[in-house]
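Below: one structure, written as structure tokens.
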Amino acid sequence: PATSMEELVSLCKRRGFIFQGSEIYGGLQGFYDYGPLGVELKNNIKAAWWRSNVYERDDMEGLDASIIMHRQVLRHSGHEATFSDPMIDNRKNNKRYRLDHLVKDQKADVISKVAEAIGQSAENFPAVVAALNANPAQASQALKEAGVRDPFSGEVGDWTEPKPFNMMFKTTIGPVADDESYGYLRPETAQGIFTNFKNVVDSTSRRLPFGIAQIGKAFRNEITPRNFIFRVRELEQMEIEFFCTPGTDEEWHEHWLEKRLSWWEAQGVPRSKIEILDVPKEDLAHYSKRTYDLMYDYPTLGHEEIEGIANRSDYDLGSHTKNQSELGLVASVEENLDSIAKLTIPHPETNKPVVPFVIEPSAGVDRAMLAVLSEAFTKETLENGNERIVLKLKPHLAPIKVAVIPLARNKAELVDLARSIKSDLQKLGLGRILLEDSGNIGKAYRRHDEVGTPYCVTVDFDTVGKGEDASLTDTVTVRDRDTLAQERVKISELTAYLQAKLK
Ligand code: ATP
């Protein structure tokens, strides 16, 4: 695995996985563009998730809802009121920071002093942050007393009181910019699932338990985007809302925890690198009955959330439904006089309308990509003493499945045959097959090791009967990325050979 974020960032840029957004104008912080190989890897991760969660199950439907949503959706979901992070300003240089990031990044002794000043133990960092949030005046004082430094200037700051900063992107809809004509870019894909609950139930005749899966972009105006693609302002999520009968929710929660861990394992992210955080009651979001955060051990960053698996009780459908008071909701919800739909489904036993409970496994595609790249990243010293970097990606995730390489680029005979082999392999539907006719076989192998291409197929003079060994006519060399073994395979058997290997 990678030992630092730096080596990943460097590989991603060098080989065309990820670029800074709007780079030629100086870049835009918190936005990244996925390059020729990045788009393939990203698509492969999403396809693997969809296959496992939609196609391989019998209790799931898919959805692709719109990104811009009615303001009422984000109002009744609770986002307008609560989707915020604590922000604090340094009066000395007018820089703004996210309070918890600011404190977390201080030296240990400073953190201890902050904790002490706010009456908490530094051991329990979330409690320190909660106390700072709850007492803004004291928080400002505590940071000053502890000598909290500005990460930008390095000097002790003059800190304001923290205040909540709402992270939603608001946008005008239509040609008139009045008080009513705005919507939000969704901050999570989940809300599109809740607002389509009735549509999906009515059109598919689903009964409990069942889920709706969605992959798509979400937008969060993070105060301090950082750590490469770990914390961005435009992100992508893979989310499931799994609807079940109240009372069966805890069992389903465990089911999904298990399922998700085994999915990560199949993508090359082992359980041993993921800590399961059973989020303490006092740190739970107001809608959550219980949440497991999967904390992956990222290089340089340490354990940080890659996926959250929350038991959201009947909060979401209960918040978006009409006739709330008749439905015996468990969650405490704000009154909703705007919704025109009753979001219930027959109870499987009594047939009476019930608002189901929801289990939500929510994973970030960008954070998945970072973890997958990090696990695959390998530095090896070869027998001849040379070092090689190789991405040991699972074949189903590799951006390029096979590179077909003519040994010499100016020999039409080799190039034409390589092109026709490429075309045959492409028809198998395995993913991208690349004709690599840069002419330098050593460089081509190095490049394909670094981008994780599982197999390179080389067409040489023996292949076309112009080498020294006539028995090699109509065979090609297949090179294995991980073992470096090279095998001669008959062209007539090549598709079956690679199909079996890449299954
Ligand atoms: P954090 O505490 O790290 O800000 P969160 O608890 O706000 O994350 P959730 O709201 O649970 O995150 O979102 C679900 C998933 O979406 C996260 O597990 C993560 O993979 C992804 N995600 C959330 N925010 C971002 C972001 N700014 N950049 C990239 N991925 C994100």
Pair list, Cβ under 7 Å, 6 or more apart: segment 288-301 residue within 14 Å of Leu8 (Cα to Cα), other residue of a type in the set (D, E, K, R) and in a strand (DSSP E or B):
Tyr298/Glu304
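Among residues belonging to segment 236-252 that are more than 20 Å from Leu343 (Cβ to Cβ) and touching a residue at least 40 places away in the same chain (Cβ under 8 Å), point out the one that is most open to solvent (accessible area, probe 1.4 Å). First the steps, then the outcome.
First, the residues of segment 236-252 that are more than 20 Å from Leu343 (Cβ to Cβ): 236-238, 250-251.
So of that shortlist, the ones also touching a residue at least 40 places away in the same chain (Cβ under 8 Å) come out as 236-238, 250.
Numbers: Glu236: 15, Gln237: 12, Met238: 1, Glu250: 111 Å².
The extreme case among them is Glu250.
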Close pairs (7 angstrom Cβ cut-off, 6 or more residues apart or separate chains): of a type in the set (S, T, N, Q) and outside any loop (DSSP other than H, G, I, E, B) in segment 79-91, open to solvent by 30 Å² or more (accessible area, probe 1.4 Å) and away from the ligand (no atom under 16 Å from the Cβ) anywhere:
Asn90/Asp158
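If you take the residues of segment 1-40 that are among the aliphatic types (A, V, I, L, M) and away from the ligand (no atom under 16 Å from the Cβ), which of them is farthest from the chain's Cα centre (by Cα)? Write out each step before concluding.
Going residue by residue through segment 1-40, those that are among the aliphatic types (A, V, I, L, M) are 2, 5, 8-9, 11, 18, 24, 28, 37, 39.
Next cut, away from the ligand (no atom under 16 Å from the Cβ) only: 2, 11, 24, 37, 39.
Numbers: Ala2: 18, Leu11: 19, Ile24: 26, Leu37: 16, Val39: 13 Å.
Checking each candidate, the answer is Ile24.
Is it fair to say Asp109 is away from the ligand (no atom under 16 Å from the Cβ), open to solvent by 20 Å² or more (accessible area, probe 1.4 Å) and farther than 30 Å from Leu208 by Cα?
The answer is yes for Asp109.
Only residues that are under 26 Å from Val365 (Cβ atoms) and in a loop (DSSP other than H, G, I, E, B): list them for segment 306-339, please. Give the steps one after another, and end with the answer.
Taking segment 306-339 and keeping what is under 26 Å from Val365 (Cβ atoms), we get 306-312, 315-317, 320.
Once the filter is applied, which keeps residues that are under 26 Å from Val365 (Cβ atoms) and in a loop (DSSP other than H, G, I, E, B), segment 306-339 yields only Arg312.
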Listed by range, strands (runs of 3 or more DSSP E) wholly within segment 161-202 having at least 1 residues that are open to solvent by less than 50 Å² (accessible area, probe 1.4 Å) and touching a helix residue (DSSP H, G or I) at 6+ places or on another chain (Cβ under 8 Å) are 182-185
Residues satisfying the stated conditions in segment 253-270, i.e. crowded, with 16+ Cβ neighbours inside 10 Å and within 29 Å of Ala127 (Cα to Cα)
His253, Trp256, Leu257, Arg260, Leu261
All but one of (1) crowded, with 17+ Cβ neighbours inside 10 Å; (2) within 25 Å of Asn384 (Cβ to Cβ); (3) not aromatic (Phe, Trp, Tyr) hold for Leu425; state the number of the condition that does not hold.
(2)
In segment 431-463, the residues that are open to solvent by 40 Å² or more (accessible area, probe 1.4 Å), in a loop (DSSP other than H, G, I, E, B) and charged (D, E, K, R)
Arg432, Asp437
Looking at (1) touching a residue at least 24 places away in the same chain (Cβ under 8 Å); (2) more than 16 Å from the ligand (Cβ to nearest atom); (3) among the aliphatic types (A, V, I, L, M), which is the one condition that is false for Ile340?
(1)
Taking the conditions exactly as written (farther than 22 Å from Arg51 by Cα, among the aromatic types (Phe, Trp, Tyr) and open to solvent by less than 30 Å² (accessible area, probe 1.4 Å)), does Tyr287 satisfy them or not?
no
Looking at segment 296-305 only, could you name the residues that are out of contact with any Phe, Trp or Tyr (no Cβ under 6 Å at 6 or more places or on another chain), open to solvent by 30 Å² or more (accessible area, probe 1.4 Å) and either assigned to a strand (DSSP E or B) or within 10 Å of the ligand (Cβ to nearest atom) (or both)?
Asp297, His303, Glu305
How do the pairs read when you match residues in segment 348-373 that are without any contact (Cβ under 8 Å) to a residue 12 or more places away in the chain with residues anywhere that are within 13 Å of the ligand (Cβ to nearest atom), using Cβ under 7 Å and keeping only pairs 6 or more apart or on different chains?
none
Residue check, Gly308 open to solvent by less than 30 Å² (accessible area, probe 1.4 Å), more than 13 Å from the ligand (Cβ to nearest atom) and small (Gly, Ala, Ser):
no
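Matching residues to (1) surrounded by 24 or more Cβ atoms within 10 Å (Cβ to Cβ); (2) more than 16 Å from the ligand (Cβ to nearest atom):
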residue	(1), (2)
Val354	no, yes
Phe357	yes, yes
Ala368	yes, no
Ala371	yes, no
Glu380	no, yes
Asn384	no, yes
Glu387	no, yes
His396	no, yes
Ile400	no, yes
Asn221 vs (1) outside any strand (DSSP E or B); (2) open to solvent by less than 30 Å² (accessible area, probe 1.4 Å); (3) within 14 Å of the ligand (Cβ to nearest atom): all pass except (2)
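Can you confirm whether Ser319 is more than 12 Å from the ligand (Cβ to nearest atom), on the phi > 0 side of the Ramachandran plot and either charged (D, E, K, R) or crowded, with 16+ Cβ neighbours inside 10 Å (or both)? Outline the logic, then answer.
Values: more than 12 Å from the ligand (Cβ to nearest atom): yes; on the phi > 0 side of the Ramachandran plot: no; either charged (D, E, K, R) or crowded, with 16+ Cβ neighbours inside 10 Å (or both): yes.
No.
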Looking at segment 48-59, which of the residues that are without any contact (Cβ under 8 Å) to a residue 12 or more places away in the chain and not in a loop (DSSP other than H, G, I, E, B) is nearest to Ile229 (Cα to Cα)?
Arg51
Count of residues meeting criterion [more than 10 Å from the ligand (Cβ to nearest atom) and in a loop (DSSP other than H, G, I, E, B)] in segment 225-248
4
Do you know which residues across segment 124-161 are free of Cβ contacts under 8 Å to residues at least 12 places away in the same chain and within 30 Å of Leu284 (Cβ to Cβ)?
Asn124, Ala134
Residues (charged (D, E, K, R) and more than 15 Å from the ligand (Cβ to nearest atom)) located in segment 258-270:
Glu258, Lys259, Glu265
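Looking at Lys273, is it open to solvent by 10 Å² or more (accessible area, probe 1.4 Å) and within 13 Å of the ligand (Cβ to nearest atom)? I'd like the intermediate steps shown before the answer.
Values: open to solvent by 10 Å² or more (accessible area, probe 1.4 Å): yes; within 13 Å of the ligand (Cβ to nearest atom): no.
So Lys273 does not fit the description; no.
Of Ile88, Ile67, which residue is at pLDDT 95 or above and open to solvent by less than 30 Å² (accessible area, probe 1.4 Å)? Please lay out each step first, then the result.
Working: Ile67 fails: open to solvent by less than 30 Å² (accessible area, probe 1.4 Å).
Exactly one residue qualifies, and that residue is Ile88.
The values are calculated or read from the model by the stated rules, or taken from the named source; none is laboratory data. These numbers come from a predicted model, not from an experiment. With ideal geometry, Cβ positions are generated from the backbone for all residues, glycine too; neighbour counts draw on all protein chains shown. Surface areas here come from the heavy atoms of the whole protein model, side chains and all, with no ligands, DNA or RNA. Shrake-Rupley method; radii C 1.70, N 1.55, O 1.52, S 1.80 Å.
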